[in-house]
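The values are calculated or read from the model by the stated rules, or taken from the named source; none is laboratory data. Source: prediction; values computed, not measured. Cβ coordinates were reconstructed from backbone atoms using ideal geometry, including for glycine residues, and neighbour counts include every protein chain displayed.
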Amino acid sequence: MMKKYISVLLSILMLFSFSCLTSCSGGNTADVHVFYYTYSDTYISSVRSALDKKLSDAGVSYQDYDAGGNQTTQTEQVQTAITKGAGVVVVNIVNTGSDDAASGIVNLAKNAGVPVIFFNREVSDEIIKSYDKCAFVGTRAEDAGILQGDMIGNYVLENYQKLDRNGDGKISYIMFKGEEGNNEAIYRTQYSVEEADKLLTAAGKSKLSFYDPSNQNKYLVDRNGQWSASAANEYMTTALSSYNDTNRNMIELVICNNDAMAQGAITALSAAGFNNGDSSKFIPVFGVDATDAAKELIKNGKMAGTINQDANLMATVLLGASQNALMDKAFFEGMTDLEKDADVMKIRIPYSKYLG
């Protein structure tokens, strides 16, 4: 898998290593405007750092915008950029619960004839098809949950006796969901448990059991939609006050939709005396993104695993798609090693497991 990533990176970088300052159609200076839903998201911060460097190295002028989690702010930012003559707009949309926000941005771009590339936070096929200069760069949302569930199921089977702290024959878990209405959060929440349960039941074990029987959703959600460490820390601290070894109902497994929430949960566990180096007091925590912080936690034995969402490859593809758009080429021309949807302009960045 790593060899394939390297091959993809090298092929795309070789194709787009020239400076768009001199190569764009008509000799126009490239002008890429990148709109992030929030700078505070750890994974998005990684994409931003990688993309800024790649744009600079390619000689492409660019400007970044932070919506701070506010869709109105982002839409106004896009409108201003287009009015000032943006060459291409690259949008990490804030609101994903409906097509309204994305549709508004597409209409702004379409009226001005400006290409628009959505990324990371997926918009519907209908939105992409509504404008011939519109594309999406991202993952296939369900894949992260499926891989995470497979990783969790195998880990639980290998460590069942150690994990079942109260000996009740079930593994009690807590789930931290990033945000309501977001496909990544929805699918990660669903498939991580479903795939783990498939492995457990096939081996004759009980399905995972949500720690709080009164919670019908079987997850705790970041109310601010920020996928934040602070939200997970708050929830985990509260949960541990009632669900612990003393009461013989300790939470035995932590599943998080991203690594920031995993980090917050680990901080709460550490404060309660867990995940500090004593193997008898280790609660496995799983996340998504394979951020540098998560990799360090795994290396230090404080986190069990995560799913790699390749920020560097995401940035590479965004650079290539932006340069293609500026030269009036097909968005994904030359990107032969990545999966593309058959009937809509969407390209997929693959996930992979990370266990250290």
Step by step: first the residues of the stretch 221-255, then only those that are over 17 Å from ALA272 (Cβ atoms) and in contact with a strand residue (DSSP E or B) (Cβ under 8 Å, 6 or more places away or on another chain), then the one that is surrounded by the most Cβ atoms within 10 Å (Cβ to Cβ). Which residue is that? ILE255
Which condition breaks for SER230 when tested against (1) under 23 Å from LEU355 (Cα atoms); (2) touching a Gly at 6+ places or on another chain (Cβ under 9 Å); (3) at pLDDT 95 or above? (1)
Pick from LEU253, LEU319: which is in contact (Cβ under 8 Å) with a residue 40 or more places away in the chain, over 18 Å from the mean Cα position of the chain (by Cα) and under 21 Å from LEU147 (Cβ atoms)? LEU253
Could you list, in sequence order, the residues of the stretch 124-154 that are touching a Cys at 6+ places or on another chain (Cβ under 8 Å) and touching a residue at least 60 places away in the same chain (Cβ under 8 Å)? ILE128
With the requirement that a residue be in contact with a strand residue (DSSP E or B) (Cβ under 9 Å, 6 or more places away or on another chain) and on the phi > 0 side of the Ramachandran plot, what does the stretch 268-290 give you? ASN275, ASP289, ALA290
Tell me, yes or no, whether the stretch 274-294 has at least one residue that is aromatic (Phe, Trp, Tyr) and surrounded by 24 or more Cβ atoms within 10 Å (Cβ to Cβ). yes
Of all helices (runs of 4 or more DSSP H) completely enclosed by the stretch 14-108, which ones contain at least 1 residues that are at pLDDT 95 or above and closer than 26 Å to GLY334 by Cα? 42-57
For the stretch 139-153: of the residues being more than 12 Å from LYS353 (Cα to Cα) and not β-branched (Val, Ile, Thr), which is farthest from the chain's Cα centre (by Cα)? GLY153
Of GLY113, GLY97, GLY87, which residue is farther than 24 Å from SER40 by Cβ, out of contact with any helix residue (DSSP H, G or I) (no Cβ under 7 Å at 6 or more places or on another chain) and of a type outside the set (S, T, N, Q)? GLY113
Just one listed residue, out of ASN224, ASN247, ASN217, ASN233, is under 22 Å from ILE146 (Cα atoms) and not small (Gly, Ala, Ser), and it is ASN217
Flagged in the stretch 155-185 as closer than 14 Å to THR201 by Cβ and touching a residue at least 40 places away in the same chain (Cβ under 8 Å), in numbering order, are VAL156, LEU157, TYR160, ILE171
Grab the helices (runs of 4 or more DSSP H) fully contained in the stretch 129-216, keeping just those with 2 or more residues being surrounded by 19 or more Cβ atoms within 10 Å (Cβ to Cβ). 141-158, 183-202
Can you tell me which of (1) touching a residue at least 12 places away in the same chain (Cβ under 8 Å); (2) loosely packed, with under 14 Cβ neighbours inside 10 Å; (3) over 23 Å from GLY145 (Cα atoms) is the one LYS299 doesn't meet? (3)
